[in-house]
Amino acid sequence: MKLGRWSMAIIVAVIFAGCSTSASFKLPPNTDLMISDERVVFQSKDEAGYPEFKRTPFFWTSLMGIDYALIQDGKIIKKDRLPARFRVISVFFPPYALIYWPLGFKLKCYDLSDIKKEFIEECSTSEQMVSKSTATTNITK
């Protein structure tokens with residue numbers, strides 16, 4: 001009987017582990033984020049200190065990207081789509097995960113700090129910033 005309870009606990013843990021997607025965001029100061037028309041409330045931070053958002057995965061309608069908006073002083077200052085990816089784990093939880101939750105965030109961290117950028121980039125770590133500035137300095141010399 002104990003083996004049955006342990007195996008059931010493991011199965012439940014695996015199911016719940018496959019039922020979320022998360023990403024971190026670098027935002028402009030005093031800006032709120034909305035994802036799929038839902039205001040984001042950040043519960044934690046990642047290793048780099050950026051706010052992290054965790055939620056249920058996205059439906060097939062997000063295949064071309066996950067809708068987001070940046071809001072400042074109650075006004076939308078930018079509206080676009082975040083890159084999405086197919087979640088391979090959804091294949092292992094048929095039929096519900098494959099039908100309802102096949103998509104998640106593509107990047108671990110989205111840099112949305114510059115609203116004038118056309119393309120969304122992944123957040124840079126401090127080591128990447130140093131290597132970029134060194135490469136730029138070497139090019140200008």
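Whose amide H sits under 5 Å from the amide H of Leu82, counting only residues 5 or more places off or on another chain, with H placed in the peptide plane?
Ile66, Asp67, Tyr68
Using a 1.4 Å probe, how large is the accessible area of Ser62, given in Å² and rounded to the nearest 10?
10 Å²
How much net charge surrounds Cys19 when only other residues with a Cβ under 15 Å from its Cβ are counted (Lys, Arg +1; Asp, Glu -1)?
Working: positive: Lys54, Arg55, Arg87; negative: none.
Neighbour charge sum, excluding Cys19 itself: +3.
So which of Lys54/Lys79; Lys78/Lys116; Lys45/Lys79; Lys78/Lys106; Lys45/Lys75; Lys26/Lys79 end up more than 18 Å apart, counting from Cα to Cα? Before the final figure, lay out the partial values.
On the way: Lys54/Lys79 20 Å; Lys78/Lys116 9 Å; Lys45/Lys79 24 Å; Lys78/Lys106 20 Å; Lys45/Lys75 25 Å; Lys26/Lys79 15 Å.
As for pairs spanning more than 18 Å Cα to Cα, those are Lys54/Lys79; Lys45/Lys79; Lys78/Lys106; Lys45/Lys75.
The values are calculated or read from the model by the stated rules, or taken from the named source; none is laboratory data. On a predicted model such as this, the values are computed, not experimentally measured, just so you know. With ideal geometry, Cβ positions are generated from the backbone for all residues, glycine too; neighbour counts draw on all protein chains shown. With ligands, DNA and RNA removed, areas are computed over all heavy atoms of the protein, side chains included. Shrake-Rupley method; radii C 1.70, N 1.55, O 1.52, S 1.80 Å.
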